[in-house]
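Step one of this worksheet: look at the structure below.
The values are calculated or read from the model by the stated rules, or taken from the named source; none is laboratory data. Keep in mind that this is a model prediction, so the values were computed, not measured. In this analysis, Cβ positions are derived from the backbone assuming ideal geometry, glycine residues included, and neighbour counts consider all displayed protein chains.
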Amino acid sequence: MTRAWVLHPDLKSDRERRDPGPALEEAVALAAALPNLHVVGSEIVRLPKAQPGTLFGSGKIEELKDRFSENEVELVLIDGPVTPVQQRNLEKEWGVKLLDRTGLILEIFSDRAATREGVLQVEMAALSYQRTRLVRAWTHLERQRGGLGFVGGPGETQIEADRRAIDEQLVRLRRQLDKVVKTRELHRKARAKVPYPIVALVGYTNAGKSTLFNRLTGAEVMAKDMLFATLDPTMRAVKLPTGPDVILSDTVGFISDLPTELVAAFRATLEEVLAADVIVHVRDISHAETALQAADVEEILASLGVDDSTPRLEVWNKTDRLDPEARAAAEARAERDPGILAVSALTGQGVQAFLEALTEALDTGLQDDTLRLGFDEGRKRAWLFERGLVLSEVQGEDGYTLQLRWGRKEREDFARL
């Protein structure tokens, strides 16, 4: 087991937004999500300002060095961005390996990714991250390789060669990922022919999405009290109490300050959210910073381009962890606001009410309709057939008479054609 120490740099500029206490707890939980890592200590380091070369001041560096030595620390995790120069200098001063928040999240994602697409996306994100670290972080990067003599100049530096190698690998991975994404698109088109609405579960990491997913579907999705227990999207058909089937999608958990490399890499993973008929935002209502977590989720949804017109439900999960007074207050709020459901995915309390609200939000009640189309409306006719909405068709003198079975969303989409 690698002995690790977690540091949360509490910069003066960050204090207005986040309380350093819960932020440190989250960083420790991130570290605990990695196997073979034993967190032996953690602390908040208050910083008036970040030092360009070392992040911390010289006195604090010496103080931490002694602490790491006493506790035989092998890895230091810094909950925040660390520049390549800062990383090199701190590793040299402390004699330990160092990971910043981005590096740690990439390690977790690399450990958890299970599907081909997930693995490729993590590899691409990791390479993009490594490319930014090539700023003479190691002495061998200062070497130069001699040219062949055909072109003047000092030749290619090792850093340039390393960067070129990474760029070539990124191109190869992108080609592979394009193939996987095309396969996903084919699957999505196949699902589109089944007139089942898609319900996407989104939320901050460890909010309880997978526990709720498992309760509703009976699936065995990894659901643990840890950050990023779910990485790859999982989909199952679920029959709602009122009868109609829906496709339920469990997505990767969001987190504040998600590395930009991963936001880009996991956009495809979150495409199901863009296609969703209803978005269910699952919140850990027992968390001290549940409101800030909710704001982070909304920010990421907005950056993905999720339309505000998509119906939303907010599930206040983990009510079983609240004290009786707080639980009563949450349930009272949920009674007043039809868009909020107070539940415990663990005990099942409130899940039935959630399913009823979901049915109402979907307004899926599939209905049978008769539609007449002229011969000049071939595009509309093809659209209906592509989605498997046509039960039967009769050709007449002036066009087609179609018997359809479709839901609200299909009717709205058709009206826009």
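So, of the residues in the range 45-69 that are in contact with a Gly (Cβ under 9 Å, 6 or more places away or on another chain) and either farther than 14 Å from LEU11 by Cβ or modelled with pLDDT of 95 or more (or both), which turns out to be surrounded by the most Cβ atoms within 10 Å (Cβ to Cβ)?
Per the stated criteria, the residue is PHE68.
Checking the structure you have, find out if any residue of the range 340-359 is within 30 Å of ALA291 (Cβ to Cβ), in a loop (DSSP other than H, G, I, E, B) and among the acidic types (Asp, Glu). Show your work before the answer.
Narrowing the range 340-359 to residues within 30 Å of ALA291 (Cβ to Cβ): 340-359.
Imposing the further condition that a residue be in a loop (DSSP other than H, G, I, E, B) reduces the set to 343-350.
After this cut, where a residue has to be among the acidic types (Asp, Glu) as well, the list is none.
Within the range 340-359, none of the residues are within 30 Å of ALA291 (Cβ to Cβ), in a loop (DSSP other than H, G, I, E, B) and among the acidic types (Asp, Glu).
Kindly evaluate VAL122 against the criterion of being surrounded by fewer than 19 Cβ atoms within 10 Å (Cβ to Cβ), part of a helix (DSSP H, G or I) and not small (Gly, Ala, Ser).
Details: surrounded by fewer than 19 Cβ atoms within 10 Å (Cβ to Cβ): no; part of a helix (DSSP H, G or I): yes; not small (Gly, Ala, Ser): yes.
Here the answer is no, as VAL122 does not meet what is asked.
Taking the condition of being buried (at least 20 other Cβ atoms within 10 Å of the Cβ) and in contact with a Pro (Cβ under 9 Å, 6 or more places away or on another chain), how many residues in the range 83-102 meet it?
The qualifying residues number 4.
From LEU341, LEU313, LEU292, grab the single residue that is out of contact with any Phe, Trp or Tyr (no Cβ under 8 Å at 6 or more places or on another chain) and not assigned by TED's automatic domain parsing to the domain that holds GLY407. Let's see the steps before the verdict.
Working: LEU341 fails: out of contact with any Phe, Trp or Tyr (no Cβ under 8 Å at 6 or more places or on another chain); LEU313 fails: out of contact with any Phe, Trp or Tyr (no Cβ under 8 Å at 6 or more places or on another chain).
Answer to the selection: LEU292.
Is the range 277-294 home to any residue that is at positive phi and either modelled with pLDDT under 80 or part of a helix (DSSP H, G or I) (or both)? Give the steps one after another, and end with the answer.
First, the residues of the range 277-294 that are at positive phi: none.
Looking for residues that are at positive phi and either modelled with pLDDT under 80 or part of a helix (DSSP H, G or I) (or both), one finds none in the range 277-294, hence no.
For the range 150-194, what are the residues that are of a type in the set (A, V, I, L, M, F, W, C) and at pLDDT 65 or above? Full working, then the answer.
Looking only at the range 150-194, we keep the residues that are of a type in the set (A, V, I, L, M, F, W, C), and these are 150-151, 159, 161, 165-166, 170-171, 173, 177, 180-181, 186, 190, 192, 194.
Result: ILE159, ALA161, ALA165, ILE166, LEU170, VAL171, LEU173, LEU177, VAL180, VAL181, LEU186.
Okay, residues lined up against (1) among the hydroxyl-bearing types (Ser, Thr, Tyr); (2) under 23 Å from PHE254 (Cα atoms); (3) under 29 Å from the mean Cα position of the chain (by Cα):
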position: LEU37; (1), (2), (3): no, yes, yes
position: GLY41; (1), (2), (3): no, no, yes
position: LYS49; (1), (2), (3): no, no, no
position: GLU62; (1), (2), (3): no, no, no
position: GLY95; (1), (2), (3): no, no, no
position: ARG101; (1), (2), (3): no, yes, yes
position: LEU106; (1), (2), (3): no, yes, yes
position: GLU117; (1), (2), (3): no, yes, yes
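Taking ARG327 as the residue in question, decide whether it is at pLDDT 85 or above and not in a helix (DSSP H, G or I). Quick ask: steps written out before the conclusion?
Numbers: at pLDDT 85 or above: yes; not in a helix (DSSP H, G or I): no.
No; evaluated as a whole, the condition is false for this residue.
Return a yes/no flag: does the range 205-214 have any residue that is closer than 29 Å to GLN367 by Cα, among the aromatic types (Phe, Trp, Tyr), modelled with pLDDT of 80 or more and surrounded by 14 or more Cβ atoms within 10 Å (Cβ to Cβ).
yes
Can you confirm whether LYS97 is modelled with pLDDT under 95 and touching a strand residue (DSSP E or B) at 6+ places or on another chain (Cβ under 6 Å)?
Working: modelled with pLDDT under 95: yes; touching a strand residue (DSSP E or B) at 6+ places or on another chain (Cβ under 6 Å): yes.
Taking the combined requirement at face value, the residue satisfies it.
Determine which member of the set VAL40, VAL28, VAL6 is assigned to a helix (DSSP H, G or I), within 17 Å of GLU74 (Cβ to Cβ) and either at pLDDT below 90 or assigned by TED's automatic domain parsing to the domain that holds VAL96 (or both). Walk me through how you get there before you give the answer.
Numbers: VAL40 fails: assigned to a helix (DSSP H, G or I); VAL6 fails: assigned to a helix (DSSP H, G or I).
On inspection, the qualifying residue turns out to be VAL28.
Confirm whether ALA237 is surrounded by fewer than 21 Cβ atoms within 10 Å (Cβ to Cβ), among the small types (Gly, Ala, Ser) and at pLDDT below 70.
Details: surrounded by fewer than 21 Cβ atoms within 10 Å (Cβ to Cβ): yes; among the small types (Gly, Ala, Ser): yes; at pLDDT below 70: no.
Considered against the rule, which asks whether it is surrounded by fewer than 21 Cβ atoms within 10 Å (Cβ to Cβ), among the small types (Gly, Ala, Ser) and at pLDDT below 70, ALA237 comes out as no.
Only one residue in GLY348, GLY305, GLY339 is closer than 18 Å to THR251 by Cβ, touching a residue at least 12 places away in the same chain (Cβ under 8 Å) and of a type in the set (Gly, Ala, Ser), so which one is that? Show your work before the answer.
On the way: GLY348 fails: closer than 18 Å to THR251 by Cβ; GLY339 fails: closer than 18 Å to THR251 by Cβ.
Only one candidate passes the filter, namely GLY305.
I'd like to verify a number: residues in the range 373-405 that are more than 44 Å from the chain's Cα centre (by Cα) and in contact (Cβ under 8 Å) with a residue 24 or more places away in the chain, how many?
So in the range 373-405, the residues more than 44 Å from the chain's Cα centre (by Cα) come out as 374-376, 394-401.
With in contact (Cβ under 8 Å) with a residue 24 or more places away in the chain added as a condition, the list becomes 374-375, 398-401.
Here the count works out to 6.
Could you please let me know if THR132 is within 32 Å of the chain's Cα centre (by Cα), of a type in the set (Val, Ile, Thr), surrounded by fewer than 19 Cβ atoms within 10 Å (Cβ to Cβ) and at pLDDT below 85? Write out each step before concluding.
Details: within 32 Å of the chain's Cα centre (by Cα): yes; of a type in the set (Val, Ile, Thr): yes; surrounded by fewer than 19 Cβ atoms within 10 Å (Cβ to Cβ): yes; at pLDDT below 85: yes.
So THR132 passes the test.
Any residue that is buried (at least 16 other Cβ atoms within 10 Å of the Cβ), of a type in the set (Gly, Ala, Ser) and either within 28 Å of ALA291 (Cα to Cα) or modelled with pLDDT of 95 or more (or both) - is there at least one of those in the range 12-19?
no
Give the number of residues within the range 63-90 that are outside any strand (DSSP E or B) and under 18 Å from VAL39 (Cα atoms).
Total meeting the criteria: 13.
Can you list residue pairs whose Cβ atoms sit under 9 Å apart, with the first residue in the range 256-283 being within 30 Å of ALA330 (Cα to Cα) and the second being aromatic (Phe, Trp, Tyr) and modelled with pLDDT under 65? Count only pairs 6 or more apart in sequence or on different chains.
LEU258/PHE266
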